[in-house]
1. Working carefully through the options LEU109, LEU95, find the one that is surrounded by fewer than 21 Cβ atoms within 10 Å (Cβ to Cβ), within 24 Å of PHE22 (Cα to Cα) and in contact with a His (Cβ under 9 Å, 6 or more places away or on another chain).
2. Suppose we filter the stretch 100-116 for residues that are in contact with a Phe, Trp or Tyr (Cβ under 9 Å, 6 or more places away or on another chain) and at pLDDT 95 or above; how many remain?
3. Within the stretch 167-272, which helices (runs of 4 or more DSSP H) (wholly inside it) include 3 or more residues that are over 25 Å from ARG126 (Cα atoms)?
4. Pairs, please: C-beta under 7 Å, at least 6 apart or cross-chain, first residue of a type in the set (Asp, Glu) and in the stretch 250-272, second buried (at least 21 other Cβ atoms within 10 Å of the Cβ)?
5. Say we look at the stretch 112-146 and pick out the residues that are free of Cβ contacts under 8 Å to residues at least 40 places away in the same chain and away from the ligand (no atom under 14 Å from the Cβ); which of these is nearest to the chain's Cα centre (by Cα)?
6. Of all the residues that make up the stretch 16-30, how many are over 21 Å from SER119 (Cα atoms) and without any contact (Cβ under 8 Å) to a residue 12 or more places away in the chain?
7. Would you check if there is a residue in the stretch 197-219 being under 29 Å from ARG43 (Cβ atoms), polar (S, T, N, Q) and modelled with pLDDT of 90 or more?
8. Report whether or not LEU71 is in contact with a helix residue (DSSP H, G or I) (Cβ under 6 Å, 6 or more places away or on another chain) and on the phi < 0 side of the Ramachandran plot.
Amino acid sequence: MSEVFDLKARLTEMRIQPKKAFGQNFLVSPQVINKIIEAVLRRPHTDLIEIGPGLGALTERLLEKNLKPRLIELDRDLVEHWRARGLDVLDHDALKLNWDDLQLKPDSLLVSNLPYQISTHLVVDRCFGPQNLQHMVLMFQKEVAQRLTAQPRTKEYGLLSVMAQTYFKVEKVADASPKDFYPPPKIASRVLGFERKNEARDLSPRFLSLLKAGFAFRRKFLLKNLKGVVDKPTLELLPEIWAQLKLKPQARAEELKPEQWVTLYRALYDRN
Ligand code: SAM
């Protein structure tokens, strides 16, 4: 409990209240914080970025380890605080930022107890780069984490699972319950670790369009879902591609493993 009181003292000292609109559920569990810091330390990196330092549950611990993250923070009250502490803070929405402007060094790492409202969007965006962003250690709602790591033929498996697992090797780092945060959210959370896969570096955003079309109507046959999005010459190739992929004509999007989606993408758009 003492961590909750420390945090409350800090809120009073900084004269701020947690803001729901910014997804401010601050971490107060030393165990969960330790697991996140250990996951960062396990992943060798040159540059370190943190989205949403908040009151510093992770930031202070990183500084103790002689790691000086660059920060991205949307809440002006917090931006001033971290600037006064001598840190480089981008006063920006992490979703609207041009991530190329960060000029990350190779093998960079992103860590965040993400505000829940931006988490899925952010992961999908980071699939496309910057390519120097090699590692991520991120907190999600547990239900979102389950979708990110889901296996084919399960109800959680979908576009998000294929995107995350195609571009990254994803692993569970830790679970967190509502009491590990202040104020406590209504639902459980999970931290995942990501490592970028080399083989997916050339896949363009068209891969995402293919998945959107494929998963648009989950119960429909994938062949039918694709008919609206491929041009006529490609349409004629679909039976041949299906045979190559050893798929039944009745195959649904949720049956294809991430690597089969990549093979399908290359067969459709990367033929030359
Ligand atoms: N890292 C702190 C911790 O673990 O206690 C705070 C995490 S809190 C869940 C999310 C943080 O992200 C807050 O500091 C919030 O102001 C910030 N934030 C919310 N939306 C953001 C956005 N779109 N871009 C950048 N930061 C954002």
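The values are calculated or read from the model by the stated rules, or taken from the named source; none is laboratory data. Please read all numbers here as calculations on a predicted model, not as lab measurements. No Cβ is skipped: glycine too gets one built from the backbone with ideal geometry, and neighbour counts run over all protein chains shown.
1. LEU95 is the lone residue from the list that is surrounded by fewer than 21 Cβ atoms within 10 Å (Cβ to Cβ), within 24 Å of PHE22 (Cα to Cα) and in contact with a His (Cβ under 9 Å, 6 or more places away or on another chain).
2. 4
3. Ranges flagged: 222-227, 232-244.
4. From residues that are of a type in the set (Asp, Glu), the pairs are GLU254/TYR157.
5. Among them, the one singled out is GLY129.
6. Number of matching residues: 1.
7. Within the stretch 197-219 (the criterion being under 29 Å from ARG43 (Cβ atoms), polar (S, T, N, Q) and modelled with pLDDT of 90 or more), the answer is yes, since at least one residue qualifies.
8. yes
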